[in-house]
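Right, one structure below, let's go through it.
The values are calculated or read from the model by the stated rules, or taken from the named source; none is laboratory data. Because the structure is predicted, anything quoted here is derived from the model rather than measured. Cβ placement follows ideal geometry from the backbone for every residue including glycine, while neighbour counts extend to all protein chains displayed.
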Amino acid sequence: MIEKYLKKSTILLIEDDEDLLNNITTTLQSIGITVIKAVNGIDGLTQYEKSKEKIDIIVTDIIMPHMDGIEMISKIRETDFDIPIIVASALDNKETLQKIINLNIDGFINKPILIQKLLDTLEKALKPVYYKRKLREKDLFIFQQSKFTSIGEMIGNIAHQWRQPLNSIGSLMMRLEVSYDTGNISKELIFSTIQKTNTILEHMSKTIDDFRNFFSPDKEKSLFKLEDIVQSIVLLFTIQLKQNNIEIKTIGNQKLTLFGFSNELKQVFINIISNSRDAIIQHKIEKGEITIKIKESKNNICISIQDNAKGINKEHIDKIFDPYFTTKFKSQGTGLGLYISKLIIEKSMNGILQLSNTKKGACFLIKLPKD
């Protein structure tokens, strides 16, 4: 039985014997495998660069004109360590075989090629690729779920940011209405009301501009100022935290520059600060504190986010970054925020995210490389 992941795979097949190339291609295509053909190493590299997002595995001959298989594989391995490569050759030279092995290949087939042997080798090499892809799809699904949660958090904070300005506009309109009804309306009052309303509307517009790009996807890593991230996060939470008698403060040098995905780092801050806020409210802390500390070491920039919510129970602390684990009621939390935060810091930004308890509460430590 041919596995479904083999049927749906795309193979780059490189062979200078065109009859053999076409025969293998026809056979593989007949069972649902997509084949991209190349007739030598140079052609193989060209096809690889053109279609590497689609190619699941490479099957190549070694002795070919213009560029041999060893040189071609070496060039691919300079930038791509993960793509499976299978070598098909009649070579029995030990020195050449050792060179091939050193290139981290995933299978070897002796010529003449038997189709069943080729299918077995392809299946063995593609199986881990298939499961890695499934894990990536799962992580992407979880990431999207977490993002929706963060967007809900952001909308809630925008509502808090806008409630007072809207009340102020309502008061100004009411004053105009009362002045008109009593006959005390004047040109000066109208102009003053318009000016105050415009000022409030400009502030509301700026608030939307600040939040609009919070979750726009970062296509590429870029340099960004930590200060911009911290200030936007503090602005996002300030009003809501004040309403719950929680103070948020920052300590340390915010003017440091980082390299990575700025919006993803914002999401990490939102997830951690939201957890600290909820813990402070849950434990009924009279005067809540959330402190963002920034330190610089020789190789890293360290950002700690601490609260005074009594810390995490010892039985939970090892599970806190697990997907779908939550200490909140199911209606209040999905258990995805901290899991996604760890993925972002450790997978996307090559850093470390750790949790520990202090005397006052929980401390999340983010370590990001300077380079």
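Would you tally the residues in the range 236-259 being surrounded by 15 or more Cβ atoms within 10 Å (Cβ to Cβ) and either in a helix (DSSP H, G or I) or in contact with a Cys (Cβ under 6 Å, 6 or more places away or on another chain) (or both)? Even if it seems obvious, please write down each step before you answer.
Of the range 236-259, the ones surrounded by 15 or more Cβ atoms within 10 Å (Cβ to Cβ) are 236-241, 246, 248, 250, 252, 254, 256, 258-259.
Imposing the further condition that a residue be either in a helix (DSSP H, G or I) or in contact with a Cys (Cβ under 6 Å, 6 or more places away or on another chain) (or both) reduces the set to 236-241.
Residues meeting the conditions: 6.
Okay, residues lined up against (1) more than 26 Å from Lys266 (Cα to Cα); (2) in a helix (DSSP H, G or I); (3) at pLDDT 70 or above; (4) in contact with a strand residue (DSSP E or B) (Cβ under 6 Å, 6 or more places away or on another chain):
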position	(1), (2), (3), (4)
Ala159	no, yes, no, no
Met174	yes, yes, yes, no
Ser179	yes, yes, yes, no
Leu189	yes, yes, yes, no
Phe214	no, no, no, no
Ser232	no, yes, yes, no
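Return the residue satisfying two criteria in turn: it lies in the range 81-136 and is aliphatic (A, V, I, L, M) and without any contact (Cβ under 8 Å) to a residue 12 or more places away in the chain, and of such residues it is farthest from Glu71 (Cα to Cα).
Here is the first cut: in the range 81-136, the ones aliphatic (A, V, I, L, M) are 83, 85-88, 90-91, 97, 100-101, 103, 105, 109, 113-115, 118-119, 122, 125-126, 129, 135.
Now restrict to residues that are without any contact (Cβ under 8 Å) to a residue 12 or more places away in the chain: 97, 101, 114, 135.
Working: Leu97: 13, Ile101: 13, Leu114: 25, Leu135: 32 Å.
Residue satisfying both the conditions and the ranking: Leu135.
Output the residues belonging to the range 91-103 that are closer than 22 Å to Val129 by Cβ and not in a helix (DSSP H, G or I).
Initial filter on the range 91-103 (closer than 22 Å to Val129 by Cβ): 100-103.
The one that is closer than 22 Å to Val129 by Cβ and not in a helix (DSSP H, G or I): Leu103.
For Ala88, are the conditions met, namely being in a helix (DSSP H, G or I) and crowded, with 19+ Cβ neighbours inside 10 Å?
Details: in a helix (DSSP H, G or I): no; crowded, with 19+ Cβ neighbours inside 10 Å: yes.
Criteria not met by Ala88.
Mind telling me which of the residues Lys330, Lys319, Lys284, Lys342 ends up being surrounded by fewer than 17 Cβ atoms within 10 Å (Cβ to Cβ), modelled with pLDDT of 85 or more and not acidic (Asp, Glu)? It would help to see each step written out before you state the result.
Details: Lys330 fails: modelled with pLDDT of 85 or more; Lys319 fails: modelled with pLDDT of 85 or more; Lys342 fails: surrounded by fewer than 17 Cβ atoms within 10 Å (Cβ to Cβ).
Answer to the check: Lys284.
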